[in-house]
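Novice: This structure is in structure tokens; I'll ask about it shortly.
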Amino acid sequence: MRVLGIETSCDETGVAICDSEKGLIADALYSQVEMHTQYGGVVPELASRDHIRKVIPLVKEVLQMANMDKSEISAIAFTRGPGLMGALLVGATAARTLAWSLKIPAIGIHHMEGHLLAPMLEKEKPKFPFIALLVSGGHTQLIRVDKLGNYTLLGESLDDAVGEAFDKTAKLLGLPYPGGPSLAKLAEKGNTDRFHFPRPMTNRPGLDFSFSGLKTFAITTVRDNPDDDQTRADIACAFQEAVVDTMVIKCRRAIKETGLKTLVVAGGVGANLRLREALGVEIKRLGGKLYFPGLKYCTDNGAMIAYAGCIRLLQGQEPEESFQPRPRWPLEELF
Amino acid sequence: MKILAIETSTEACSVALLDKDKCNEFHEIVPQKHTERLLPMLDELLTECKTDISEINYIAFGCGPGAFTGIRIACSAAQAISFSQDIPIIPISTLAGLAHGAAKKYNSSKIIPCIDARMQEVYWANYSFEANSGKVTLAGEEQVISPEATNISFNKGNNEIIAIGSGWLTYKELLTERHSKYKIIQSEIEYPHAKDIAEIAKIKIADGNVKQAEDALPTYLRNKVTHQKRG
Ligand SMILES: Nc1ncnc2c1ncn2[C@@H]1O[C@H](COP(=O)(O)OP(=O)(O)O)[C@@H](O)[C@H]1O
């Protein structure tokens with residue numbers, strides 16, 4: 001079975017083909033980040049306008065990469081939500097109509113499930129059950145995954161998502177959008193000992209997060225200190241250490257509470273190398289196993305949607321007629 | 001020659017199949033429900049016409065102006081059909097579609113299609129119709145404009161015009177007052193029909209005016225969709 005996956009939930013158009021035997025066989029991505037950079041964030045209407053220019057060209061590109069004719073596609077998977085309504089609609093309409101026209105099934109995928117399963121695109125795949133740390137621009141969640149479609153929320157951010165906290169703090173430091181990667185880069189030049197940021201919600205029990213306090217702390221730190229390159233790097237470094245440390249503490253807790261020893265990290269912030277390193281050390285200490293998606297499958301991509309579609313169809317999920325997107329769609333509602 | 005047409009730029013979800021001179025259309029008013037109705041309606045249409053999708057030679061769609069999400073539904077769907085069936089695609093102006101519908105019905109030569117564009121603006125155009133060729137022709141440009149600033153620029157012949165589209169209903173008084181030197185015949189047609197999109201497409205095909213899937217894009221007219229750039 002060969003599944004074409006289409007992702008258009010936010011500011012990347014991703015298209016890929018997943019083969020049920022061979023895994024991922026083609027993958028193409030168009031990022032709109034540059035366009036949105038000039039507005040300091042994603043402009044939804046412009047995102048939709050860009051997706052519609054890119055979907056068909058990317059479908060053509062992946063078919064060529066896989067040396068396949070469109071008649072050889074067995075099914076189509078598309079991101080149904082959560083995400084931007086207008087952006088989702090472009091991918092959903094294209095995917096659903098392609099499937100209709102080719103007389104093959106189409107299946108709507110939950111974007112976060114895509115992220116969650118992205119580590120399975122790697123050679124060494126995690127096995128159920130596991131704990132997933134989902135960290136992106138819109139989500140910060142710890143989830144217990146017993147099997148496909150069986151998700152229990154263990155904890156989540158009560159305010160800003162971690163990616164959002166990175167982006168806002170980066171902006172404060174004068175770094176370009178999207179701030180996460182630029183802040184991480186700046187932090188490399190920083191000194192860990194100069195500033196100390198709090199580790200929010202770690203000295204009381206529970207698996208929830210809160211990141212808005214860190215942002216406020218960053219504001220006062222910037223205000224009370226000289227405005228020079230080294231200071232900015234030191235603040236970036238202290239901020240990142242606090243975020244990473246907080247996540248390490250919560251993951252340790254989740255492992256202890258559930259008794260599950262496999263941790264899967266997914267979502268855009270999973271690209272953060274400092275987080276990867278720190279979690280690696282911690283999981284090793286706890287005798288568990290840690291899985292990450294490849295760096296390019298941390299942020300939005302079509303590969304994870306094609307893969308999720310493939311395994312859901314193999315599992316016998318019925319395709320649907322409607323392609324109405326679900327911009328807000330809690331992961332726990334999946335089954 | 002079979003032309004399939006899709007029009008979803010307003011509250012109407014409209015699909016039509018033009019086979020030589022025979023045209024079948026399914027037209028429903030389904031605000032916010034285009035995603036649920038479009039493909040079932042296409043199925044019903046093809047069944048009624050005893051036609052398989054593989055027998056379609058051209059795909060046409062109403063490319064706007066109109067509701068942004070609506071025109072993207074028609075465009076994405078039409079692109080997908082064009083690509084998957086390897087057939088040419090023909091984007092057709094929604095305003096031209098309205099004008100064509102009015103022209104046939106009233107057999108009149110001056111038509112002003114007008115669609116409510118929200119934000120106190122309308123999509124507006126002046127179209128003339130030639131009975132011989134059966135063509136509607138745009139005079140000047142299609143515009144997104146405040147109703148107070150709209151113009152009618154026909155200067156030949158009688159002063160009778162056909163007013164068609166939702167915009168005329170939303171701004172009825174304002175527009176009739178502003179254009180009071182014309183004898184306005186108000187059409188009760190509010191929304192564009194896929195049938196008219198298909199018929200205009202047929203003329204374009206004869207002129208060799210067709211595109212490849214990814215080159216057929218929406219016409220938004222309103223391009224100011226962001227606030228000022230920040231710092
Ligand atoms: N190396 C990094 N360090 C920290 N944050 C990062 C890094 N790379 C990406 N991010 C953050 O990840 C988020 C984007 O992730 P993504 O999964 O695409 O999120 P969403 O789909 O919710 O927008 C952004 O907030 C971005 O700043």
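The values are calculated or read from the model by the stated rules, or taken from the named source; none is laboratory data. Computed from a prediction, not measured in an experiment: that's the story for all the values here. All Cβ positions, even for glycine, are placed from backbone atoms using ideal geometry, and neighbour counts span all protein chains on display. Note: areas computed on protein heavy atoms with side chains; ligands, DNA, RNA excluded. Shrake-Rupley method; radii C 1.70, N 1.55, O 1.52, S 1.80 Å.
Novice: Residue check: is A:L313 over 22 Å from A:G5 (Cα atoms) and either assigned to a helix (DSSP H, G or I) or not polar (S, T, N, Q) (or both)? Reasoning before the result, please.
Specialist: On the way: over 22 Å from A:G5 (Cα atoms): no; either assigned to a helix (DSSP H, G or I) or not polar (S, T, N, Q) (or both): yes.
In short, no.
Novice: Report whether or not A:V222 is surrounded by 20 or more Cβ atoms within 10 Å (Cβ to Cβ) and either modelled with pLDDT of 95 or more or away from the ligand (no atom under 13 Å from the Cβ) (or both).
Specialist: On the way: surrounded by 20 or more Cβ atoms within 10 Å (Cβ to Cβ): no; either modelled with pLDDT of 95 or more or away from the ligand (no atom under 13 Å from the Cβ) (or both): yes.
So A:V222 does not fit the description; no.
Novice: I'd like to know if the range A:291-298 contains one or more residues that are assigned to a loop (DSSP other than H, G, I, E, B) and farther than 30 Å from A:N191 by Cα.
Specialist: So in the range A:291-298, the residues assigned to a loop (DSSP other than H, G, I, E, B) come out as A:292-294, A:298.
Going one step further and asking which of them are farther than 30 Å from A:N191 by Cα, we end up with none.
Among the residues of the range A:291-298, not one is assigned to a loop (DSSP other than H, G, I, E, B) and farther than 30 Å from A:N191 by Cα, which makes the answer no.
Novice: Quick one: is A:K185 surrounded by fewer than 22 Cβ atoms within 10 Å (Cβ to Cβ) and farther than 30 Å from A:R204 by Cα?
Specialist: Values: surrounded by fewer than 22 Cβ atoms within 10 Å (Cβ to Cβ): yes; farther than 30 Å from A:R204 by Cα: yes.
In short, yes.
Novice: Still on this model: How do the pairs read when you match residues in the range A:255-266 that are assigned by TED's automatic domain parsing to the domain that holds A:D146 with residues anywhere that are small (G, A, S) and in a helix (DSSP H, G or I), using Cβ under 7 Å and keeping only pairs 6 or more apart or on different chains?
Specialist: Here the result reads A:A266/A:A118, each pair linking the range A:255-266 to a residue that is small (G, A, S) and in a helix (DSSP H, G or I).
Novice: If you don't mind, there's one more thing I want to ask. Could you please find all residues in the range A:1-25 being more than 14 Å from chain B (Cβ to nearest Cβ), open to solvent by less than 10 Å² (accessible area, probe 1.4 Å) and more than 11 Å from the ligand (Cβ to nearest atom)?
Specialist: Hits for the range A:1-25 are A:V3, A:G5, A:A16, A:I17, A:C18.
Novice: Identify, from the list B:I92, B:I115, B:I87, B:I164, the residue that is in contact with a Gly (Cβ under 8 Å, 6 or more places away or on another chain) and within 30 Å of A:D69 (Cα to Cα).
Specialist: On the way: B:I115 fails: within 30 Å of A:D69 (Cα to Cα); B:I87 fails: in contact with a Gly (Cβ under 8 Å, 6 or more places away or on another chain); B:I164 fails: within 30 Å of A:D69 (Cα to Cα).
Of B:I92, B:I115, B:I87, B:I164, the one residue that is in contact with a Gly (Cβ under 8 Å, 6 or more places away or on another chain) and within 30 Å of A:D69 (Cα to Cα) is B:I92.
Novice: Quick one: how many residues across the range B:93-151 are under 15 Å from B:G165 (Cβ atoms), open to solvent by 20 Å² or more (accessible area, probe 1.4 Å) and among the hydroxyl-bearing types (S, T, Y)?
Specialist: The number of residues fulfilling the criteria is 2.
Here's the yes/no breakdown for (1) at pLDDT 95 or above; (2) assigned to a strand (DSSP E or B); (3) assigned by TED's automatic domain parsing to the domain that holds B:N24:
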{"position": "B:T137", "(1), (2), (3)": "yes, yes, no"}
{"position": "B:E148", "(1), (2), (3)": "yes, no, no"}
{"position": "B:L175", "(1), (2), (3)": "yes, no, no"}
{"position": "B:A201", "(1), (2), (3)": "yes, no, yes"}
{"position": "B:G208", "(1), (2), (3)": "yes, no, yes"}
{"position": "B:E214", "(1), (2), (3)": "yes, no, yes"}
{"position": "B:G231", "(1), (2), (3)": "no, no, no"}
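Novice: Filter the range A:26-50 down to residues that are more than 7 Å from chain B (Cβ to nearest Cβ) and closer than 17 Å to B:N223 by Cβ and give me whichever is most open to solvent (accessible area, probe 1.4 Å).
Specialist: Looking only at the range A:26-50, we keep the residues that are more than 7 Å from chain B (Cβ to nearest Cβ), and these are A:26-37, A:41-42, A:44, A:47, A:49-50.
Retained after the next criterion (residues that are closer than 17 Å to B:N223 by Cβ): A:32, A:35-36, A:44, A:47, A:49-50.
Numbers: A:Q32: 2, A:M35: 44, A:H36: 0, A:P44: 68, A:A47: 0, A:R49: 17, A:D50: 9 Å².
Looking at residues that are more than 7 Å from chain B (Cβ to nearest Cβ) and closer than 17 Å to B:N223 by Cβ, I get A:P44.
Novice: Got at least one residue in the range A:263-273 being hydrophobic (A, V, I, L, M, F, W, C), away from the ligand (no atom under 15 Å from the Cβ) and over 19 Å from the mean Cα position of the chain (by Cα)?
Specialist: As a first pass, look at the range A:263-273 and keep what is hydrophobic (A, V, I, L, M, F, W, C): A:263-266, A:269, A:271, A:273.
After this cut, where a residue has to be away from the ligand (no atom under 15 Å from the Cβ) as well, the list is A:263.
Add one more test, that the residue is over 19 Å from the mean Cα position of the chain (by Cα), and what stays is none.
For the range A:263-273, residues hydrophobic (A, V, I, L, M, F, W, C), away from the ligand (no atom under 15 Å from the Cβ) and over 19 Å from the mean Cα position of the chain (by Cα): absent.
Novice: On to the next question. Filter the range B:172-183 down to the residues that are in contact with a helix residue (DSSP H, G or I) (Cβ under 6 Å, 6 or more places away or on another chain) and open to solvent by less than 40 Å² (accessible area, probe 1.4 Å) and list them by number. First the steps, then the outcome.
Specialist: Pass one, the range B:172-183, residues in contact with a helix residue (DSSP H, G or I) (Cβ under 6 Å, 6 or more places away or on another chain): B:174-175.
The one that is in contact with a helix residue (DSSP H, G or I) (Cβ under 6 Å, 6 or more places away or on another chain) and open to solvent by less than 40 Å² (accessible area, probe 1.4 Å): B:L175.
Novice: Just give me the residues in the range B:34-52 being within 12 Å of another protein chain (Cβ to nearest Cβ) and either part of a loop (DSSP other than H, G, I, E, B) or touching a residue at least 40 places away in the same chain (Cβ under 8 Å) (or both), in sequence order. If you could, list the steps in order and put the result at the bottom.
Specialist: Kept after step one, since they are within 12 Å of another protein chain (Cβ to nearest Cβ), are these residues of the range B:34-52: B:34-43, B:46, B:52.
The answer is B:D52, and nothing else.
Novice: Still on this structure, please answer the following. Any residue at all in the range A:297-306 that's outside the structural domain of A:G180 (by TED's automatic domain parsing), more than 16 Å from the ligand (Cβ to nearest atom) and surrounded by 16 or more Cβ atoms within 10 Å (Cβ to Cβ)?
Specialist: Scanning the range A:297-306, I find at least one residue that is outside the structural domain of A:G180 (by TED's automatic domain parsing), more than 16 Å from the ligand (Cβ to nearest atom) and surrounded by 16 or more Cβ atoms within 10 Å (Cβ to Cβ), so the answer is yes.
Novice: Now, a different point. If only one of A:L331, A:L279 is within 15 Å of the ligand (Cβ to nearest atom), crowded, with 17+ Cβ neighbours inside 10 Å, within 30 Å of A:Q32 (Cα to Cα) and of a type outside the set (S, T, N, Q), which one is it?
Specialist: Numbers: A:L279 fails: within 30 Å of A:Q32 (Cα to Cα).
Matching residue, one of A:L331, A:L279: A:L331.
Novice: While we're here: If you go through the range B:92-110 one residue at a time, do you hit one that is in contact with a helix residue (DSSP H, G or I) (Cβ under 9 Å, 6 or more places away or on another chain), in a helix (DSSP H, G or I) and within 10 Å of chain A (Cβ to nearest Cβ)?
Specialist: no
Novice: In the range A:64-72, is there at least one residue being at the interface with chain B (Cβ under 10 Å from one of its Cβ atoms) and surrounded by fewer than 22 Cβ atoms within 10 Å (Cβ to Cβ)? Let's see the steps before the verdict.
Specialist: Start the filter on the range A:64-72 by keeping residues that are at the interface with chain B (Cβ under 10 Å from one of its Cβ atoms), which leaves A:70-71.
Filter once more, so that each one left must be surrounded by fewer than 22 Cβ atoms within 10 Å (Cβ to Cβ): A:70-71.
There is at least one residue in the range A:64-72 that is at the interface with chain B (Cβ under 10 Å from one of its Cβ atoms) and surrounded by fewer than 22 Cβ atoms within 10 Å (Cβ to Cβ).
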